[in-house]
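Just so you know, all these numbers are worked out from the coordinates, no wet-lab data involved. Keep in mind it's a predicted model, so treat the numbers as computed, not measured. We place every Cβ from the backbone using ideal geometry, glycine too, and count neighbours over all the protein chains shown.
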Amino acid sequence: MLVLSVGLVAPAAAQPGASLSSFQLLRFDASARTAALGGAYTAVADGDVNALFYNPAIPGPPTSRIPSLSYLNHLAGIDAGTVAYSQTVRDWGTTLSGGLRFVQWGGDIQRRNERGERTGTFSAGDVALTLGAARATGARLQYGANMHLLYSQIDNVQATAVATDLGALYRLPAQQLTIGASLRHLGVSTGGFETSLPLDLQLGVSKRLAHLPLLLSLTAYDLTEIGTGVEGGSTLDHALGHLTFGGELRLGEVLRLRAGYNHRRSRDTALADRFDLGGLGGGFGLVVSGIAVDYAYNSWSKLGGLHQFTVRADLDAL
């Protein structure tokens, strides 16, 4: 069972900030837009409700009443999905958020005994329910917190956990600059198999250019393990191994083009010492009459690629 558990989380190991721990669905990109931007989302606060999974301080009136539904086609037959929604309660001065994430680790998996003989099949999957609240202090500062209820199952082995996220966001409107910080997945096991959670401290900055419709975003992640980096890498590799980059170009009111890069994912998935597309991501978004459709592709070098789709709807614009 231990070998199986390692095998199941291995495809997630190249997610931003990933380490060998349970509940790796917490490391999956929550939506197609976040995936296309390389996960550099800690300070992207422009109306996307999926930002709640990266920084609980981001939800606010711009994200209110915009439900989102995402599907991720991962490697090796792994399927994952995300549902997210937020609602601003003006009498409380608070935005309440909720999300549900799930991953099915490859459908039916062959069970074998110690002699390697097949003895049937079983399934494995994780589910995470997230509830959050965010408030603003003045026009510049926001803060928030999430709570996660987690459930994981591999064959007849189960585990549960409770975790929290804490976040803050600071805006500089004149510079179109946003700075964000979040401590994610701080929690404990509550039952079943003993688990560890992928604790992650992130700092991010996003900047919208004044004379070009371009959003640039950078996130420093896994800062709780700043002494670790790319295995066998140089000093530069170790530094870049804690950074992820993204950019989004708006072409008119309808089309958005996106790209992102994660250096650690590039090095972890590289099969040779040469340049390839591993770690690069890209995608696009279409916005028509309050409906946004997003697509992202992330390369894992010769291992393949990940396809992700998201649909968001502005209920007030319909």
Legend entry - Listed residues Phe53, Phe28, Phe284, most fluctuating in the chain (Gaussian network, C-alpha, under 10 Å): Phe284
Inset, instruction - Let me know the charge dipole size of the chain about its Cα centre in debye, to the nearest 20, where only the beta-carbon of Lys, Arg (+1) and Asp, Glu (-1) is charged. - result: 500 debye
Inset, instruction - Sort 168-177, 65-74 for me by packing, meaning the mean count of neighbouring Cβ atoms within 10 Å per residue, highest on top. - result: 65-74, 168-177
Inset, instruction - Show me 149-156, 242-249 ranked by packing, highest mean number of other Cβ atoms within 10 Å first. - result: 242-249, 149-156
Legend entry - Sorted peptide list for 159-165, 30-36, criterion being average Cβ within 10 angstrom, highest first: 30-36, 159-165
Inset, instruction - Return Val205, Val103, Val89 ranked ascending by Cβ neighbour count within 10 Å, so the fewest neighbours appear first. - result: Val89, Val205, Val103
Inset, instruction - Before anything else, pin down the relative contact order of the range 2-246: Cα pairs under 8 Å, at least 6 apart, normalised by residue count, whole percent. - result: 18 percent
Legend entry - Kirkwood Rh in Å, taken over all unlike Cα pairs in the range 222-318: 15.3 Å
Inset, instruction - Can you give me the P(r) profile for the chain? Cα pairs, bins 10 angstrom wide beginning at 0, each as a whole percent. - result: 6, 27, 36, 22, 7, 2, 0
Inset, instruction - Work out from phi, with θ = phi - 60° and the Karplus expression 6.51 cos²θ - 1.76 cosθ + 1.60, the ³J(HN,Hα) of each residue of the range 65-79, listed in order in whole Hz, and give x for Gly and Pro. - result: 6, 10, x, 9, 10, 10, 9, 10, 9, 8, 6, 6, x, 7, 10
Inset, instruction - Quote the Stokes-Einstein diffusion coefficient, in whole µm² s⁻¹, for the range 124-179, based on the Kirkwood radius over alpha carbon pairs, a temperature of 25 °C and a viscosity of 0.890 mPa s. - result: 180 µm²/s
Inset, instruction - Per DSSP H run of n ≥ 4, the term is -39500 (n - 2.57); total these for the chain, divide by its residue number, and report the mean residue ellipticity at 222 nm rounded to 500 deg cm²/dmol. - result: -2000 deg cm²/dmol
